[in-house]
Amino acid sequence: MNPAGLPTAYEHGNRLTPEGTSVDPILVEIVQGTLASVEMEVETAIARTSRSPMIRDAHDFRAGIHDRQLRKLTGRSYSALVHPVVRDFPLAEMGEGDVFFHNDVYESEGGIGHLPDLCVTVPVFSGGEVVAFVQAFGHHDDIGGAVPGSMPSNARSVFEEGLSVPPIRLWDKGVPNQAALRIMTRNSRMPDSLAADLDAECSACLMGARRLAELFERYGRDTIEAAFDAILDQTTETYRREILGKIPDGTYVWEDYAEHDGVDEPMLHTQRITLTKSSTGGPGRSEQYPDGGPRLVIDFTGTGPQAKGPINHCGDYVGGNFLKKWLAPILRNLADTPERMAELDVNEGVVPLIEMRFPEKGTLLTPIYPAPTNARTFVILRLLGVLAGVVAKAVDGRMPADQETIRYTGVYGKDRDGNDYLMREVLGGGSGGRYYADGEDTIHVVPDSRNLPTEFTESRFPFLVERLGLAVDSGGAGRHRGGLGYEKHIRMLEDAHFMSIADRSILACWGVKGGKAGRPFEVTVDVGGPEERTVDALADAEPVRAGQVIRIRTTGGGGWGDPLDRPYDEVERDLRWGKVSFEGARRDYGVVATGDRDEPVVDVAASDALREQLRSERPDAQPFFDRGPGYARLAGGQPSADVDWV
């Protein structure tokens, strides 16, 4: 039953053709390429015709293509689910030109995490029957609620977070439901951009549905559906052969934490994974796998209780279908080469390989309605790191250190003409060092997303961007250094309010196998002025006066491996590039250097002596993970968790 008490009666997730159905492999490549092309065309159309900065410029939206069994066929990025639409609207009652809409977190079957994510779904028809779906969802500027942007940091219920809409038919056979659209825009502080964005998304998905219908018309339904099965079978076999086989059979445990929920004082909000890898019990019994192939069991038992504030995520619907596809990209790091990692997509083919086990209702991943969820990114992004960490324990650290977390920052107020404005952006941070390379600087965990262009923001909003660059020394030290975060300085030209929905301001992106944690997130207002102060990472309305500067420093990724093993020439290069300071080189890498940034000179003899001294001062045993000093603050002085040791 869904949260509204409606039966989830539609049978889903099954094959479209009998096991062993043959299809021309060249045609499979053609179909797979066409799906990717249609997905890209839909996203390009949305980007070019939408209006809000979050959709048009920051690109915080995704598209996906699903078959009539609700299986995601494309794998370049994640997407929401079709399940709630088909649950409430039988396929036989759908018509060409229909567009379905929803954003209700608790009726989305886990596909929508917070109310600003608005989702549109369009059925694809062939021979008068539904054969597939094109879907898009994106993070919109405002859908009502207690604060501009619909993400109140201290919300105690979903009712404070904005307008919740269960699945509805927004367009009926090509005719928009103007009454529903008026209700939604009436609840938004940004009605014009909301209306324009929705129109862009609906039109783009309708266009995508026409493109897919042409594919079915060209090759025939039976052939295309056989190709769909082949695409997913290929993913299943690839992950079974190339990825799961790299994890030794056994059970492994690790956990990580969100640090605050906006209501209670900062504390450790636990997300725990017990990972069990077995060589049997998975899908696909065959001569090679008479007892089924390898599989993973991800058990979230031990995850902390539901938070009072908005960091909860509804993950336990449809067997965790959304979370399986959300977490699976982490497993690509086990591929033989970085090039092979980049080739592996994540579609519905990974779902049969993973079983998820959830604790009882009332935890961070199994919240009870109407628990708030607008900052659920703290949990689902942390889960990426928890899976990476627990796999790292199984494979002797051959996984990346912790990556950046997502955060929403922005300002709002009245512009020079007295009009209301809201500027929000999703700023990235550093990714973790890897066993073969440093982490990447200022990456965005949401694929294809980006910061807002300075030229655009300065022309539209009453502030100046005085600096946008790398935050020096923010990457965790290691044999392979963590990536650097942003440092952004904004000078306000009018009085305004600053807002932030961010994590990792106390805790840090962890380092692994001797690597050190990165530097946490930090916001300072009135930098260098008489009212200089550090702002809490969860803030709805921090006042900022005209002339004051807001400095935002985003997280650095964790380091991988012993920083005292980093070659001198790589530290010298970091000094020259301005990624590491001279003080940081000495403190973190045991490197003594003279000169200046343009011509740094490493004193090899002095550095050798310093490294020998630093090694001698270390304790004999160190944990496998380094969480940084913030962990001890929230753990009663304990420097590491029991699960950090191997």
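The values are calculated or read from the model by the stated rules, or taken from the named source; none is laboratory data. Being a predicted model, the structure only gives us computed values, none of them experimental. Cβ atoms come from the backbone with ideal geometry, glycine included; neighbour counts cover every protein chain shown. To get the accessible areas, we keep the full protein, side chains included, count just its heavy atoms, and leave off ligands, DNA and RNA. Shrake-Rupley method; radii C 1.70, N 1.55, O 1.52, S 1.80 Å.
If R0 equals 25 Å, the separation of the Cβ atoms of Ser37 and Asp172 corresponds to a calculated FRET efficiency of about 0.30. Averaging 1/r across all pairs of distinct Cα atoms in the stretch 43-130 and inverting the result yields a Kirkwood radius of 14.1 Å.
Only Lys, Arg, Asp and Glu carry charge here, each on its Cβ (+1 for the first two, -1 for the last two); on that basis the chain has a dipole of about 460 debye about its Cα centre. Only Cα pairs under 8 Å and 6+ residues apart enter the sum, and on that basis the relative contact order of the stretch 424-534 stands at 24 percent. Where (1) 1.04; (2) 1.08; (3) 0.97 are the candidate values, the label of the one calculated here for Rg/Rh (Cα atoms, Kirkwood Rh) is (3). Applied to the stretch 425-434, the Karplus parametrisation 6.51 cos²θ - 1.76 cosθ + 1.60 on θ = phi - 60° returns per-residue 3J(HN,Hα) values of 8, 9, 8, x, x, x, 8, x, x, 10 Hz, with x for Gly and Pro. For the stretch 548-582, the residues whose backbone nitrogen is under 15 Å from a point 7 Å from the Cα of Asp603, taken along Cα to Cβ, are 582. Ligands, DNA and RNA are left out, and with a 1.4 angstrom probe the accessible area of the chain is 37 Å² per residue. Bridging of Lys173 to lysines at a Cα separation below 30 Å is possible for Lys72, once same-chain residues fewer than 8 apart are set aside. In this calculation the C-beta distance from Leu614 to Arg340 is compared with R0 = 51 Å, giving a FRET efficiency of 0.90. As a length-normalised measure over Cα pairs under 8 Å and 6 or more apart, the relative contact order of the stretch 313-426 settles at 23 percent. Mean projected area of the convex hull spanned by the Cα atoms of the stretch 494-611, taken over all viewing directions: 9.1 nm².
Our coupling estimate for the stretch 466-481, obtained by passing each phi through the Karplus curve with A = 6.51, B = -1.76, C = 1.60 and θ = phi - 60°, is 8, 7, 9, x, 7, 7, 4, 6, 7, x, x, 5, x, 3, 10, 5 Hz, Gly and Pro reported as x.
Only protein atoms count toward the accessible area here, which uses a 1.4 Å probe; on the chain, the carbon and sulfur part of that area reaches 49 percent.
For the cross-link pairs Lys277/Lys324; Lys246/Lys513; Lys308/Lys516; Lys488/Lys579; Lys361/Lys393, the ones whose C-alpha atoms lie over 20 Å apart are Lys308/Lys516; Lys361/Lys393.
Helices assigned as whole DSSP H runs in the chain whose Cα atoms extend at least 15 Å along their own long axis and whose mean Kyte-Doolittle hydropathy is -1.0 or higher are found at 25-49, 191-219, 221-238, 377-394, 604-616. A cut-off of 5 Å between modelled amide H atoms, ignoring neighbours fewer than 5 places along the same chain, links Leu170 with Val99, Phe100, Phe101. With contacts taken as Cα pairs under 8 Å and at least 6 residues apart, the chain reaches a relative contact order of 11 percent. Taken over the stretch 228-291, the ratio of Cα radius of gyration to 2.2 N^0.38 Å equals 1.72.
Most simply put, the chain has about 95% antiparallel DSSP beta bridges, counting only bridges with both residues inside it. Residues of the stretch 460-483 with an amide N closer than 11 Å to a point placed 7 Å from the Cα of Trp577 along the Cα-to-Cβ direction: 481-483.
The stretch between Arg210 and Ala632 holds 146.3 nm of extra length on full extension. This uses 0.36 nm per residue minus the Cα-Cα distance. Helical content of the chain, expressed as a calculated mean residue ellipticity at 222 nm, amounts to -8000 deg cm²/dmol (DSSP H runs of 4 or more residues, -39,500 (n - 2.57) each, divided by residue number, nearest 500). For the stretch 222-371, the alpha-carbon coordinates run over 54, 37, 32 Å along the three principal axes, in decreasing order.
Per-residue Karplus couplings for the stretch 241-250, computed as 6.51 cos²θ - 1.76 cosθ + 1.60 with θ equal to phi - 60°, are listed in order as 7, 8, 10, 4, x, 7, 9, x, 4, x Hz, Gly and Pro entered as x.
The residue list Gly220, Thr238, Pro248 was ranked by how far each Cα lies along the charge dipole of the stretch 187-251 toward its positive end, using unit charges on Cβ atoms, and Pro248 comes out on top.
Straightening the chain between Arg460 and Arg416 buys 14.8 nm, computed as 0.36 nm per residue apart minus the Cα-Cα spacing.
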